[in-house]
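Please treat every number below as a calculation from the coordinates, not as lab data. As the structure is a prediction and not an experimental result, all values here were calculated from the model. Cβ: placed from backbone, ideal geometry, glycine included. Neighbour counts: every protein chain shown.
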Amino acid sequence: MAVFQLMKDDNNQYICPKCKGKLRFVDGRAVQIVDGRADMSSILPKYECDHCGIYFQELLGSGFYNEYDLPQKKAAKKIVKTGDLQPMVLKRDQNNQCVCPRCGEMMDFVEGQAVRLVDGIPDMENVKDHFYCKRCNSTFRRLAMTNYFQWSEK
């Protein structure tokens with residue numbers, strides 16, 4: 001872990017010791033829980049370099065700064081439009097799950113059940129085998145006694 005004494009430019013702003021670019025000041029935030037533990041470093045102010053992907057935090061008010069890597073932001077997975085989905089073969093694994101064609105998460109296989117009455121009305125929702133994805137709220141129903149499944153509104 002490297003310790004730096006940050007320098008200032010002509011405009012009295014701190015500059016990155018690696019790329020000589022301007023550092024962006026980020027004020028401290030509330031305590032955050034990371035991996036089940038309180039992260040007290042989040043309450044301290046820091047100087048971030050977006051170009052290098054690092055940030056600097058002062059070491060006990062000494063004027064020297066520790067260097068840390070900026071956390072990588074997870075890219076949001078895109079959900080495929082329902083109109084772009086064609087009928088496809090879906091096979092369940094030993095856990096009765098399959099990869100969802102829309103979002104890429106694991107979806108559950110729901111076996112067909114008897115007709116149930118809900119509020120006095122027959123519920124035909126779970127009569128046939130189908131796959132259901134909790135993340136994107138998608139249902140894939142079997143097409144006419146084949147191994148092909150197609151996205152369904154309900």
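General observations
- The mean sequence separation of alpha-carbon pairs under 8 Å and at least six residues apart, normalised by the residue count of the chain, gives a relative contact order of 14 percent.
- The range 107-154 shape via C-alpha gyration tensor axes, a/c threshold 1.5: oblate
- Estimated FRET transfer efficiency when R0 is 22 angstrom, pair Gln150-Val118 (beta carbons, to 0.05): 0.35
- Positive end of the dipole of the chain (Cβ unit charges, origin at the Cα centre): among Cys52, Tyr65, Leu143, the Cα lying farthest that way belongs to Leu143.
- Dividing the mean sequence gap of close Cα pairs (under 8 Å, 6+ apart) by how many residues the range 3-69 holds gives a relative contact order of 29 percent.
- For the range 65-129, GluC sites (Glu not before Pro) meeting the loop criterion (DSSP other than H, G, I, E, B) and having at most 15 other Cβ atoms within 10 Å: Glu105, Glu111, Glu125.
- Charge dipole of the range 3-69 (Cα centre as origin; +1 on each Lys and Arg Cβ, -1 on each Asp and Glu Cβ, all else neutral): 100 debye, rounded to the nearest 20.
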